[in-house]
Amino acid sequence: MAVEKGTTALYESWFLTPAGMYVDDKEKELLINSVRFKRDERVLEIGCGSGRYLEYLGDIGLIAAGVEPVDELVKRAMLKSTLTPEQVIKAPYEKIPVADGSFENVIFINTFAFAGDKGAALKEAYRIASKKIAVGFLNRNSITTLFKVKERASVYYDATPLSGKDIEVIAAMNLPAGGYSLKIFYTLYLPIKLGFMMPWADTVFENMNIPVGDFGMAVITKKPGVNNP
């Protein structure tokens, strides 16, 4: 993952462009609509990067904390005036120093692809979450691709593109059988330069939930009474 100051700043400034704002809005909309958080729930973001999503989660009334293994990104997150040192935990995805079930929800937003051991990272998320795990991912089976946007490509150049089926397989291999349900949702079907000018088209495809959108959200709901893996 690229973490150079200039690259990260360029990526974050892209979200201020019309196309970037559209992508950001659609990804956040999918997260909210698929997970259906309740106000004041605790959310842990694994791979919180520079803290952009932590700020958003706080703005919508959630109690948010993040995990980030990269020193430079932890430092950038700490520069955000709305975040406190307690909200950002420096740790690897696979071994996070928090208690079992200490957050209602655990989320990955385009960061699960960076996990060195995806099975271990998902097990850790399952251990920590008392309700749901949401895995936002760039879909390798999309009919177009977000990687055509150079600002995103420079950050995600070493990420592993995933499909919904990939995540289903990782879950089946690493989580307790019968201990969860999994649903996958998609958005951003059109090339970005067209999508923000034709938002109605994405809405139509979202309602059909065809598994070829650029951005997917796998929502894993834990079943009560099942032990952690």
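The values are calculated or read from the model by the stated rules, or taken from the named source; none is laboratory data. Since this is a predicted model, take the numbers as computed values, not measurements. Don't worry about glycine lacking a Cβ; one is built from the backbone with ideal geometry, like all the others, and counts go over all protein chains shown.
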- Positions within the stretch 195-229 being in contact with a helix residue (DSSP H, G or I) (Cβ under 9 Å, 6 or more places away or on another chain) and over 30 Å from G119 (Cβ atoms), in sequence order: G195, F196, M197, P199, A201, D202
- Kindly indicate whether I184 is among the aliphatic types (A, V, I, L, M), touching a Pro at 6+ places or on another chain (Cβ under 9 Å), under 25 Å from F114 (Cα atoms) and not in a helix (DSSP H, G or I). yes
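Residues are listed down the side, and each one gets a yes or a no for (1) in a helix (DSSP H, G or I); (2) closer than 28 Å to I89 by Cα; (3) at pLDDT 95 or above:
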position: G119; (1), (2), (3): yes, yes, yes
position: R127; (1), (2), (3): yes, yes, yes
position: S130; (1), (2), (3): no, yes, yes
position: S142; (1), (2), (3): no, no, no
position: A159; (1), (2), (3): no, yes, no
- Task: Count, please, the residues in the stretch 87-113 that happen to be in contact with a Pro (Cβ under 9 Å, 6 or more places away or on another chain) and crowded, with 18+ Cβ neighbours inside 10 Å.
- Result: 3
- Note on the structure: Within the stretch 170-196, restricting to residues that are loosely packed, with under 12 Cβ neighbours inside 10 Å and free of Cβ contacts under 8 Å to residues at least 24 places away in the same chain, the one that is farthest from the chain's Cα centre (by Cα) is A177
- Message: If I ask for residues that are at pLDDT below 95 and small (G, A, S), which ones from the stretch 15-37 would you list?
- Response: A19, G20
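Yes or no, residue by residue, for (1) over 16 Å from the mean Cα position of the chain (by Cα); (2) free of Cβ contacts under 8 Å to residues at least 12 places away in the same chain:
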{"position": "L30", "(1), (2)": "no, no"}
{"position": "F37", "(1), (2)": "no, no"}
{"position": "D40", "(1), (2)": "yes, no"}
{"position": "L44", "(1), (2)": "no, no"}
{"position": "G47", "(1), (2)": "no, no"}
{"position": "L62", "(1), (2)": "no, no"}
{"position": "A65", "(1), (2)": "no, no"}
{"position": "E72", "(1), (2)": "yes, no"}
{"position": "K75", "(1), (2)": "yes, yes"}
- Taking the stretch 73-101 only, how many residues are part of a loop (DSSP other than H, G, I, E, B), out of contact with any strand residue (DSSP E or B) (no Cβ under 6 Å at 6 or more places or on another chain) and closer than 21 Å to K118 by Cα? 8
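Let's see how each residue does on (1) of a type in the set (D, E, K, R); (2) within 30 Å of D100 (Cβ to Cβ); (3) not in a loop (DSSP other than H, G, I, E, B):
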{"residue": "Y189", "(1), (2), (3)": "no, no, no"}
{"residue": "F205", "(1), (2), (3)": "no, no, yes"}
{"residue": "I220", "(1), (2), (3)": "no, yes, yes"}
{"residue": "G225", "(1), (2), (3)": "no, yes, no"}
{"residue": "N228", "(1), (2), (3)": "no, yes, no"}
- Query: Among the candidates A91, A129, which residue alone is touching a residue at least 40 places away in the same chain (Cβ under 8 Å) and not acidic (D, E)?
  - Reply: A129
